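Everything on this sheet refers to the single structure shown next.
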Amino acid sequence: MSVCRKPALAARLAYGDRSEKEPAMTLNMLVGKFRRETDDIVSIELVDADGHPLPAFSAGSHIDVHIGDGLVRQYSLCNSPADTDRYVIGVLKDPKSRGGSAALHGMLAEGLRLRIGEPRNLFPLDETADRTLLFAGGIGITPMLAMAERLKMLGRRFELHYWGRSLPRMAFLDRIAASDFKDNVRIHCDDAPEDQRLDPDDVLPNPEAGTHLYVCGPQGFIGCVLERARTRGWLESRLHKEYFGTIVSDDPAGGGAFTIRIAHTGAIIPVNPGQSAVAALAAHGIELPVSCEQGVCGTCLTRIVDGIPDHRDSYLTDDEREANAVFLPCCSRAKSECLVIDIL
Amino acid sequence: MAFLRNIWYVAAWDHEVADGRPLARTLLNEPVVMFRSSQGVHALTDRCPHRFAPLHLGKQVGNALQCPYHGLEFDGSGACTRNPHGDGSIPKAAKVKSYPMVEQDSILWIWMGDPEKADPTLIPRFESLDPENWYIGKDYLRARANYQLEVDNIMDLSHIDYLHASTLGNGNGKNAETTVVQDGNTVHSLRLNRNELLSPELERRNGLPPGTPVDRWLDVRWDPPGVMELVVGNAPTGSEDPRKAPGQIRYFQHLFSPETEHTAHYWFATSRRKDLGPEGERIVAEMIVFLRQPFETEDLPMLEAQQRTMGTADFWELRPILLPTDAPGIRARRVLDAMIKAEQK
């Protein structure tokens, strides 16, 4: 076990339970086996550098991986929570990524040393649910695998639906085929047989008490599933989501859904999780002038009639921020459920 | 383009105004002459009210400046104290405008606004320029560029890898993170670059073995209208918070005042605590000579070229395309704009 374990324990004893916000202690790990699951997804097994057992984790947990150059990225654990000797993560080399995953792909070798944070769980599984639906899109399969392992072990009723563009681009299919829970899994993709090419909407049931839905994958996928679920009357308390198997709270661009109302027309425009207000408005034919698109230049400055914005820009001064009379819809969101804005 | 009036501007380094040697400088389009008397430092309009001769060409007589043309003398309050002609009577109107002036932290600060409002406690402190406790290397340049372009230059140090590629840059700045923090009317530009290799020149000057990776931060504190302290530190790479890790910290000061709309005064300095030993005096003297080169031959030509390209147009009118690294400079501009707007109400 790494030297960090003892201070972690001491910190807990001294201060009680740590909240999720406090920095977790780090562990020194070695890359064990790794496997190219697809052209751009690799699964990586991490073992303790000194061969000690690892801190236990619950299904849905993620770890911080320190990639070097100060880069830290979050990856969901996808192995069984019953494992005590390894953590397994799936890493997508995303051309749109900010460099972390591509760097990890580039330096990957057996025996590579990596520093990671202790597992944290922001996507916990309600293990007492009567029925559980796991909806995974693409790389969003990773936390779902750990959840499926756990639910199978507990003997719970569940279904895992896994969407991808084509079979060769879907990771972990071999593992699923060889698993105890293979009968609970449905694969959906464009090159699958007709009856399996199903839209999330086709397999989403009407809400019933005791059924929980978990969604993980690209933002558009999550937004679409949640929108359908809400339309059908699912309660928020039974909807659970995580983006890309990474943690949105660390990503300034991420954020929950809210609604925009245009003051003088009364038009109501939903802003999906991860979608910018500017993009949501554009999708409804309302084009705001933008330039930097990251809250620096103030070009899209918009007046607020009602509601509380969640300012995420760097343009507004502190006084303007507190006044909440304007906001920058290219990057800022809402603290209230609805923002009423003044545009023509 | 309006200037903020009710604010302390830098007018000179303390050593630039020596006893018996008046110094003339234009600030906010106004000609000012500064001189030092037994009562302190003074700033007057640099124009005799008689025939409009520039007073700075005259000589200091006791605690007064004597006009070089006909010999009228003016004290630090601007009052005419001697008329050598006729019966020597002094016309009531024979006085020049006097600007409040304070000497603090090696700087002569001037108040260009309503003298009633000139509160010296409003002057931003530069403890790292306090000559009691610090060795200070100081220098001055004049730029044919608006002072806010100069402020932008310091608030966004991402230019180092390009403009200073062969001197201060190392090509490793692309991963640096820039954040902006506002505290009242003070804006901080906080820049952190992890796992950076400094240029060989900077490695040598910081006493680092060649090829030592460091986490380097370059934090700028801006106060209106354009005075900045840059604190540069480095620590061995990999610590949780490099700013708190044991490492090296260096202090640099960049002070700007408008001469006109399109020209600026630039005072720059570097300082070292005296308790680190007398070696510091030599280090700051050498460092300031070294720094002048990139500032004068790399920054200045760029700023002046920028100004020529912009002509007399307003910055915002030209609709700049802005990047994340611009956030601190833009915030500083907006704070200043808000202050100017409030003052003109």
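Here, each number is a calculation from the coordinates, and none is a lab measurement. Bear in mind the structure is a predicted one, so any value in this text is a computation, not a measurement. Cβ: placed from backbone, ideal geometry, glycine included. Neighbour counts: every protein chain shown.
Summary of values
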{"item": "Interatomic Cα distance distribution for the range A:115-239, bins of 5 angstrom, percent", "result": "2, 10, 21, 23, 22, 13, 6, 1, 0"}
{"item": "For the range B:161-172, Karplus couplings with θ = phi - 60° (6.51, -1.76, 1.60), whole Hz, Gly/Pro x", "result": "5, 9, 5, 10, 3, 9, 10, 9, x, 9, x, 10"}
{"item": "Among B:Pro200, B:Ile154, B:Pro210 - extreme Cα towards positive end, dipole of chain B, charges at beta-carbon", "result": "B:Ile154"}
{"item": "Cα gyration tensor, the range A:132-180 - rounded (a/c under 1.5), prolate or oblate", "result": "prolate"}
{"item": "Sequence-distant residues sharing a close amide H with B:Leu322 (under 5 Å, placed H)", "result": "A:Cys292"}
{"item": "Rg/Rh (Cα only; Kirkwood hydrodynamic radius) as it applies to the range B:200-345", "result": "1.01"}
{"item": "Cβ-based charge dipole, the protein assembly as shown, positive-most Cα from B:Pro31, A:Gly266, B:Thr167", "result": "B:Pro31"}
{"item": "Choice from B:Pro91, B:Pro324, B:Pro49 showing the highest fluctuation, given a GNM over chain B with Cα pairs closer than 10 Å", "result": "B:Pro91"}
{"item": "Long-range tail of P(r) for the range B:128-170 (Cα pairs > 16 Å, %)", "result": "61"}
{"item": "Cα gyration tensor category, rounded, prolate or oblate, for the range B:22-65 with a/c compared to 1.5", "result": "oblate"}
{"item": "Average partner coverage of A:295-306, which counts Cβ from other chains inside 10 Å", "result": "3"}
{"item": "Unpartnered cysteines - no second Cys beta carbon under 4.7 Å - across chain B", "result": "B:Cys80"}
{"item": "Amide proton proximity set for B:Val32, modelled H, under 5 Å, gap of 5+", "result": "B:Arg25, B:Thr26, B:Leu27, B:Asp46"}
{"item": "Label-to-label distance, nm, for residues given as B:Ile321 and B:Lys274 (7 Å Cα→Cβ offset)", "result": "5.2"}
{"item": "Student exercise, the protein assembly as shown dipole from Lys, Arg, Asp, Glu Cβ charges, in Debye to nearest 20", "result": "440"}
{"item": "Alpha-carbon Rg with Dmax, taken over the range B:184-281, Å", "result": "15.7, 46"}
{"item": "Kirkwood Rh (inverse of mean 1/r, distinct Cα pairs), the range A:252-344, angstrom", "result": "12.8"}
{"item": "Extended-chain gain in nm, criterion 0.36 nm per residue less alpha-carbon gap, A:Ala282 and A:Asn206", "result": "24.3 nm"}
{"item": "Charged-residue dipole, Cβ positions (Lys, Arg, Asp, Glu), chain B about Cα centre, Debye nearest 20", "result": "580"}
{"item": "Table column - 3J(HN,Hα) (Hz), the range B:261-277, Karplus curve with 6.51, -1.76, 1.60, x for Gly and Pro", "result": "4, 10, 9, 9, 9, 10, 9, 9, 7, 9, 9, 9, 4, 5, 6, 7, x"}
{"item": "Relative contact order (%) - criterion: Cα under 8 Å, at least six apart; region: chain B", "result": "18"}
{"item": "Column: log10 I(q)/I(0), Debye, Cα scatterers of the protein assembly as shown, q = 0.07 Å⁻¹", "result": "-0.63"}
{"item": "Residues B:Lys345, B:Lys244, sorted so that the one with the fewest Cβ neighbours within 10 Å comes first", "result": "B:Lys345, B:Lys244"}
{"item": "Under the Debye formula (equal points on every Cα, no solvent term), log10 I(q)/I(0) of the range B:8-123 at q = 0.09 Å⁻¹", "result": "-0.22"}
{"item": "Alpha-carbon radius of gyration plus Dmax, which is the widest Cα pair, for the range A:78-130 in Å", "result": "14.7, 44"}
{"item": "Relative contact order computed over the range B:8-123 (Cα-Cα under 8 Å; 6+ residues apart), in percent", "result": "26"}
{"item": "Against the rule of thumb 2.2 N^0.38 Å, how large the Cα Rg of the range B:249-307 comes out", "result": "1.37"}
{"item": "Relative contact order (%) - the range B:191-345, alpha-carbon pairs under 8 angstrom, separation at least six", "result": "13"}
{"item": "Estimated translational D of the range B:52-174 in µm²/s (Stokes, Kirkwood radius over Cα pairs; 25 °C; 0.890 mPa s)", "result": "129"}
{"item": "Compactness relative to 2.2 N^0.38 Å, alpha carbon Rg of the range B:85-237", "result": "1.43"}
{"item": "Longest to shortest principal axis, alpha-carbon extents of the range B:141-231, angstrom", "result": "39, 31, 22"}
{"item": "Among B:160-169, A:141-150, the order from most to least packed when residues are scored by Cβ within 10 Å on average", "result": "A:141-150, B:160-169"}
{"item": "For q = 0.10, 0.13, 0.16 Å⁻¹, Debye-computed log10 I/I(0) when each Cα of chain B counts as one equal scatterer", "result": "-0.66, -1.04, -1.42"}
